[in-house]
Amino acid sequence: MNIISTTISNLFIIYPTIYEDKRGHFFESYNKQTFAYYGLIADFVQDNQSLSAKNVIRGLHFQRPPYAQTKLIRVISGAAMDVAVDIRKDSPSYGKYVNVLLTAAENTMFWIPEGFAHGFIALENDTILHYKTTNYYNKESEDALLWSDIHLNIDWGVSTPIISEKDACAASFKDFISPF
């Protein structure tokens, strides 16, 4: 397993060791001991999965404390550009983001700790995104930032994305008061 730091502290890109032969391949998508060895410690309690058509943007979502979540994200089918925005108010990278290409072909994963808003755009039809979380979903704690906020300036690479009504009405970053 190869774990790479990003330009924002505590965000990591993870490349699993893949064992291939004529039958196909095998890899560990999560091993608590291996992740802990690299300092990535989490008690995952819930797995989530979404299916998206090409150009669907979901996000930028997060849960407020005490229901904040660390996430381990990967694509099972298709491809997505995954985005994590730092919303830790005392962080030197507050309001900055990292984007990572996640594909089923490469099995790359993205570690996003508490204190980040998360979103992605499906780059192919039938993109399946799977992620583990360290806290259960709590409707009263869910929140979002506007995916197209000019202050965040995220280049999603598409001019006419498919957005949910809820995501289209999310808060602007300028008006956002971080709970982290």
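The values are calculated or read from the model by the stated rules, or taken from the named source; none is laboratory data. These numbers come from a predicted model, not from an experiment. Cβ sites come from the backbone with ideal geometry, for glycine too, and all protein chains shown count toward neighbours.
A few comments on the model shown:
- Evaluation of residue 48 against the conditions (1) part of a loop (DSSP other than H, G, I, E, B); (2) surrounded by fewer than 16 Cβ atoms within 10 Å (Cβ to Cβ); (3) under 12 Å from the mean Cα position of the chain (by Cα) shows that the sole unmet condition is (1).
- Test for residue 107: is it closer than 30 Å to residue 162 by Cβ and not acidic (Asp, Glu): yes
- Subset of the range 127-141 (residues that are more than 15 Å from the chain's Cα centre (by Cα) and within 17 Å of residue 164 (Cα to Cα)): 139
- Positions within the range 122-136 being of a type outside the set (D, E, K, R) and either assigned to a helix (DSSP H, G or I) or surrounded by fewer than 13 Cβ atoms within 10 Å (Cβ to Cβ) (or both), in sequence order: 136
- So residue 144, is it over 29 Å from residue 1 (Cα atoms) and not in a loop (DSSP other than H, G, I, E, B): yes
- Search result, residues across the range 150-178 that are surrounded by 14 or more Cβ atoms within 10 Å (Cβ to Cβ) and either part of a strand (DSSP E or B) or out of contact with any strand residue (DSSP E or B) (no Cβ under 8 Å at 6 or more places or on another chain) (or both): 162, 171, 178
- Matching residues in the range 12-26 - criterion: being over 13 Å from residue 102 (Cβ atoms) and part of a loop (DSSP other than H, G, I, E, B): 17, 18, 22, 23
- Residue match in the range 27-45 (condition: modelled with pLDDT of 95 or more and in a strand (DSSP E or B)): no
- Filter pass, residue 36 being within 24 Å of residue 114 (Cα to Cα), touching a helix residue (DSSP H, G or I) at 6+ places or on another chain (Cβ under 8 Å) and of a type in the set (A, V, I, L, M, F, W, C): no
- Qualifying position, being out of contact with any helix residue (DSSP H, G or I) (no Cβ under 8 Å at 6 or more places or on another chain), free of Cβ contacts under 8 Å to residues at least 12 places away in the same chain and of a type in the set (Lys, Arg), among 71, 139, 132, 166: 139
- Extreme residue, surrounded by the most Cβ atoms within 10 Å (Cβ to Cβ), among residues of the range 1-11 that are among the hydroxyl-bearing types (Ser, Thr, Tyr) and part of a loop (DSSP other than H, G, I, E, B): 6
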